[in-house]
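Working notes for the structure below.
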Amino acid sequence: MKSVSIIGLGKLGSPMAACFAARGFRVHGVDLDATKVAAINRGEAPVHEPGLAELIREGAANLKASQDCEAAVHNSEATFIIVATPSEPGGGFSLQYALPTCEAIGRALRTKSSYHLVVMTSTVMPGSTAGPIQATLERASGKRCGVDFGLCYSPEFIALGTVIRDFYHPDFLLVGECDTRAGEKLAEIYASVVKNTPGVARMNFINAEITKLAVNTYITTKISYANMLARLCEKLPDADVNVVTEALGLDTRIGAKYLKGAVSYGGPCFPRDNRALAALAASVGASSGLAEATDRFNRAQIKSVAEIVKSHHGTGAPIGILGLTYKPNTDVVEEAFGLLLAQELGNSGIAVVVYDPSANPERVTASAPNITFAKSAMECLAACGVAVVATPWAEFRELPVGRWMRSDGERTVMDCWRYLPQLEKAEGIHYVRLGFGSQTAKPVAAGSNAD
């Protein structure tokens with residue numbers, strides 16, 4: 001199978017389309033947004049993602065985009081649905097975009113004689129694939145799932161900023177299948193595109209849907225546990241969260257990944273998947289206490305760190321925040337610590353000056369009062385008294401020590417990721433590292449609590 005269609009050319013769909021094309025697949029990308037379609041066809045990246053523009057150019061001969069879903073299905077052997085499934089007020093996920101997409105795919109299947117595989121890649125609530133998604137496809141096509149066409153649920157475990165690497169080198173592949181034939185065809189596709197040999201977990205729809213939420217909820221719980229230790233260490237003389245978590249990570253029952261005590265997790269997946277699992281458990285009468293506690297603790301980190309920042313704000317100068325995206329190398333600020341901290345401080349009446357290499361200035365300044373967006377890291381530092389490093393962008397670490405200093409007195413630099421050890425003994429700088437009970441411990445390089 002060497003021809004696929006990708007429905008939805010957003011932050012995951014565009015990189016996936018480029019990855020398939022670069023590996024020799026004929027790819028038909030579809031999006032209702034004409035600007036995304038035009039960008040793909042010009043050989044340009046329609047979204048911000050490192051390496052995407054280069055990969056699109058590499059596979060340009062195999063990659064075409066349009067707004068015609070039905071034509072793309074007719075001209076491909078498998079269709080990946082990667083449209084938004086927005087969170088609902090109760091914590092679940094909406095199918096408001098997924099079901100119309102399935103309608104269009106079904107109409108195309110009605111007049112297609114050959115077998116076709118449909119893959120739901122967007123995250124959905126348990127019960128959705130075997131329920132309304134399959135029903136919509138069958139109704140619109142007049143055909144039977146598992147006989148005339150195949151259906152799989154196969155979400156990706158990727159992080160924005162490293163989508164291409166993560167897609168080509170997955171830890172494992174999750175395949176929820178309607179039958180063996182569909183699962184085998186999807187496994188064959190993956191085997192042709194990934195660059196490693198991951199395990200493939202094949203199962204029914206409901207188990208795959210639960211697994212997707214369970215993986216991310218486990219990670220958020222682990223992040224929150226490490227953050228709890230960081231807040232504890234900050235209260236105890238000579239305590240060092242790096243030393244504690246590095247020791248914990250040596251235990252194979254625990255492992256070192258996502259065990260970096262720092263700040264709240266954010267982004268488009270972790271927070272909402274955690275809440276969705278809690279909503280699912282509550283809806284069926286199961287206990288959701290652990291997921292709910294993790295969510296509450298994560299939200300509380302904003303106020304907790306804001307109080308630490310305020311305790312160092314002794315001048316009338318604004319507080320500076322460097323980094324607003326939820327992780328480096330992306331432009332996404334959804335539930336990002338840096339932006340939430342700026343909003344918390346701004347809403348409390350404190351002037352805040354912020355800078356991020358990728359975040360949208362208009363969106364940031366409109367999100368809360370008292371926020372000003374600087375044009376550069378240097379402009380942010382020049383305007384502030386206390387500086388908070390909220391996202392570990394590489395350009396912040398590359399700033400010379402002298403650039404962090406103030407001309408009119410000592411500057412406090414709060415390093416949320418213990419990312420700037422060169423500032424530890426710099427004259428004129430009060431270097432504060434989250435997760436430390438004193439300033440005697442040696443800092444280590446930053447990690448990232450990002451999905």
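The table for this structure:
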item	result
Region 126-136, residues that are buried (at least 23 other Cβ atoms within 10 Å of the Cβ) and not polar (S, T, N, Q)	Pro126, Ile133
Top-ranked residue of region 146-158 - restricted to ones that are among the aliphatic types (A, V, I, L, M) and open to solvent by 10 Å² or more (accessible area, probe 1.4 Å), ranked as farthest from Thr391 (Cα to Cα)	Val147
One residue from Ala374, Ala390 being closer than 23 Å to Gly316 by Cα, touching a residue at least 12 places away in the same chain (Cβ under 8 Å) and within 20 Å of the chain's Cα centre (by Cα)	Ala390
Lone qualifier among Glu88, Glu54, Glu49, Glu58 - being crowded, with 20+ Cβ neighbours inside 10 Å and over 30 Å from Gly146 (Cα atoms)	Glu49
Qualifying residue in region 31-41 (condition: in contact with a helix residue (DSSP H, G or I) (Cβ under 6 Å, 6 or more places away or on another chain) and either among the β-branched types (Val, Ile, Thr) or buried (at least 19 other Cβ atoms within 10 Å of the Cβ) (or both))	yes
Residues of region 386-423 classified as in a loop (DSSP other than H, G, I, E, B), at negative phi and touching a Lys or Arg at 6+ places or on another chain (Cβ under 8 Å), total	6
Options Ala239, Ala191, Ala214: the member that is open to solvent by 10 Å² or more (accessible area, probe 1.4 Å) and within 30 Å of Ile308 (Cβ to Cβ)	Ala239
Test: residue in region 212-231 that is over 22 Å from Phe337 (Cβ atoms), charged (D, E, K, R) and touching a Leu at 6+ places or on another chain (Cβ under 7 Å)	yes
Flag for Ile223 being open to solvent by 20 Å² or more (accessible area, probe 1.4 Å) and either part of a helix (DSSP H, G or I) or in contact with a Lys or Arg (Cβ under 8 Å, 6 or more places away or on another chain) (or both)	no
Region 240-271, subset in contact with a helix residue (DSSP H, G or I) (Cβ under 9 Å, 6 or more places away or on another chain) and among the basic types (Lys, Arg), residue nearest to Leu229 (Cα to Cα)	Lys260
Single condition Ala300 does not satisfy, out of (1) under 22 Å from the mean Cα position of the chain (by Cα); (2) touching a residue at least 12 places away in the same chain (Cβ under 8 Å)	(2)
Some residue of region 399-417 being in contact with a helix residue (DSSP H, G or I) (Cβ under 9 Å, 6 or more places away or on another chain), within 12 Å of Leu322 (Cα to Cα) and open to solvent by 50 Å² or more (accessible area, probe 1.4 Å)	no
Elements of type helices (runs of 4 or more DSSP H) in region 279-385, at least 2 residues being aliphatic (A, V, I, L, M) and buried (at least 20 other Cβ atoms within 10 Å of the Cβ)	289-311, 337-347, 377-383
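The values are calculated or read from the model by the stated rules, or taken from the named source; none is laboratory data. Just so it is clear, the structure is predicted and the values come from calculations on it, not from any experiment. No Cβ is skipped: glycine too gets one built from the backbone with ideal geometry, and neighbour counts run over all protein chains shown. We work out accessible area using only protein heavy atoms, side chains counted, and drop any ligands, DNA or RNA first. Shrake-Rupley method; radii C 1.70, N 1.55, O 1.52, S 1.80 Å.
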